[in-house]
1. So which GluC sites (Glu not before Pro) in the range 108-155 end up in coil per DSSP with only 14 or fewer other C-beta atoms within 10 Å?
2. To the nearest 20 Debye, how big is the dipole of the range 181-320 about its Cα centre, given +1 on the beta carbon of each Lys and Arg and -1 on that of each Asp and Glu?
3. How large is the direction-averaged shadow of the alpha-carbon convex hull of the range 48-106, in nm²?
4. Quick one: work out Rg over Rh on the C-alpha atoms of the chain, Rh as Kirkwood radius.
5. Roughly what angle does helix 104-114 make with the longest principal axis of the chain, taking Cα atoms, 0 to 90 degrees, to the nearest 10?
6. Which of the three applies to the range 284-333, rounded, prolate or oblate, going by the alpha-carbon gyration tensor with a ≥ b ≥ c and a/c under 1.5 meaning rounded?
7. Along Cα→Cβ, 7 Å out, is where each label goes; now give me the distance between the ones at ALA34 and ALA301 in nm to one decimal.
8. Could you rank the peptides 233-239, 255-261, 59-65 by their average count of other C-beta atoms within 10 Å per residue, with the highest value first?
Amino acid sequence: MESDISLHRRFEAAQRSARLREDDARDAGDFAEAVLAGLTRQPRRIPCRFFYDARGSELFEEITKLDEYYPTRTETALLETYGSEIAERAGQGRVLVEFGSGSSRKTSLLLSALGEVPAYVPIDIAAESLSEAAEWLSGQHRGLTILPLIADFTTTRTLPAVAEGRPLLGFFSGSTIGNLSHDEARAFLANAADLLGEGSAFLVGVDLKKPASILIPAYNDARGVTAAFNLNLLRRINRELQATFDLARFAHDAVWNAQAGRVEMYLVSLARQTVRVLGREFFFAPGERIHTENSHKYTVAEFQALARAGGWRPAEAWTDPDNLFSLHLLRLP
Ligand code: AVI
């Protein structure tokens, strides 16, 4: 019989690829525009949200299980260790509102810790992945009222009626907030404050600053899974935008930018070459880079300052003994 864990993994892979099929359709124009604009500008840059086609999602799942990639297991362990303390601090009887629906194992841990939850509202743009998540979680938490909301959680302004007049707890895990610029992160936090409203609480998972000797292997692992994840972006461009990237002539690179406080990922041209994308030609010099991702890291104090700028009051922060990852409980006002 299939174990709970492998069932869960299969579920998450299916969930991600369902999301992606929808994203593919929605993003088709957006993707073409972003890639053409990103390759035209200097320095070249393509937004990291385009990593997640079906293969990219599978590769990300693999990344989360790598020895070098500490964030997923550390955040999960924090939820296991401090779940009941978090629940106590957040307060009973809150509707749980999750931003994005891609981390069902963590959601399940939090739901177990919270006990009686009047309703769970996952917000995601992809309807199919939302309903699959709902199905899996309702199997795990019998009797839980799940009210998926199909919306862009960075901009959505309304919640289902069940949330009205009830205390709310937001949840945004995985340090996905680190993939936003500081301005975007502040705007996201401010929008979440408007959405959740007075009296609400917000639990946010944030990766901590740490030595480059830990960060670099996490983003450039020995088995090359992160390299394959990064290079898969070129494969997607080839497939969807009739492009001619030769994947053997580009390499993955990850660097720690201490000044900006972030890991930056690049695709580096290994040769002098010309690539065609949607009929347009782009010349690459050897060593020329395409910037594909920023992953910002914050000290506890830095994230608390960002949260305040977004209108929140930091109430508590939990970290693991190795100071790898943090869970922040924020409050309004
Ligand atoms: C999804 N996000 C929080 C990951 C991160 O760590 O920034 C994406 C990732 N990129 C490379 N490895 C993982």
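1. Details: sites: GLU116, GLU128, GLU132, GLU135; in loops: GLU116.
For GluC sites (Glu not before Pro) across the range 108-155 that sit outside H, G, I, E and B with at most 14 neighbouring Cβ atoms in 10 Å, the list reads GLU116.
2. Details: 16 positive and 16 negative charges, 96 e Å.
That gives the range 181-320 a dipole magnitude of about 460 debye.
3. Details: hull surface 20.9 nm².
Computing the convex hull of the Cα atoms and averaging its projections yields 5.2 nm².
4. On the way: Rg = 20.0 Å, Rh = 20.7 Å.
With Rg and the Kirkwood Rh in hand, the quotient comes to 0.97.
5. Long axis of 104-114 versus the principal axis of the chain: about 20 degrees.
6. Values: a/c = 4.79, a/b = 2.07, b/c = 2.31.
Since a/c reaches 1.5 but b/c is at least a/b, the shape of the range 284-333 is classed as oblate.
7. With each label placed 7 Å out from Cα toward Cβ, I get 3.5 nm.
8. Details: 233-239: 19.3, 255-261: 13.4, 59-65: 17.6.
Highest to lowest by the protection proxy: 233-239, 59-65, 255-261.
The values are calculated or read from the model by the stated rules, or taken from the named source; none is laboratory data. Quick caveat: nothing in here was measured; it's all calculated off a predicted structure. Heads up, the Cβs are rebuilt from the backbone with ideal geometry, glycines too, and the neighbour counts pull from every protein chain shown. For the accessible areas, the whole protein counts, side chains as well, though only heavy atoms, and no ligand, DNA or RNA atoms are used. Shrake-Rupley method; radii C 1.70, N 1.55, O 1.52, S 1.80 Å.
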